[in-house]
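Notes to accompany the following structure.
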Amino acid sequence: MALTGASLGAGTTLVTIALLANLVALAVAVAELREAQQHAAQAAAARAAATHLHAATAQARPRVPRPGQATDRQPSQGAATVALARRDFPRPPAPGRPAAADPGASRGGPHQGQLPPRRAGPGR
């Protein structure tokens, strides 16, 4: 109103000052909102980075119990081997036939209990 060049009176000047004060308050509020948005974005990025870092260190670190922490029981190598063998041979031996302890023991003939000779070839 004051920009038009017309002088309308004291009442108009007070309205103009009030509008300018509201405009300044709006500009301050927008600046504060932008700052809050930047802080929120930074916090979200930090949270995502912390989650990623935690996952990476959990995968890279061997699972060793800390002092005072209960240990998880994991099957030994022997138990894992037995489980693998059971998957290959799911049925137990037939009734009345004992399981052979030695794979060559069930063969008949002069070489009973012995394995056949190995073929000649490159050594391992």
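Do the conditions hold for residue 61, that is, is it over 12 Å from the mean Cα position of the chain (by Cα) and either at pLDDT below 95 or loosely packed, with under 10 Cβ neighbours inside 10 Å (or both)? Spelling it out, residue 61 is indeed over 12 Å from the mean Cα position of the chain (by Cα) and either at pLDDT below 95 or loosely packed, with under 10 Cβ neighbours inside 10 Å (or both). If you go through the stretch 88-105 one residue at a time, do you hit one that is surrounded by 10 or more Cβ atoms within 10 Å (Cβ to Cβ) and either modelled with pLDDT of 65 or more or among the aliphatic types (A, V, I, L, M) (or both)? Within the stretch 88-105 (the criterion being surrounded by 10 or more Cβ atoms within 10 Å (Cβ to Cβ) and either modelled with pLDDT of 65 or more or among the aliphatic types (A, V, I, L, M) (or both)), the answer is yes, since at least one residue qualifies.
The values are calculated or read from the model by the stated rules, or taken from the named source; none is laboratory data. Every value quoted in this text rests on a predicted model; they were computed, and no experiment measured them. Glycine also receives a Cβ, built like all others from the backbone with ideal geometry; neighbour counts cover every protein chain displayed.
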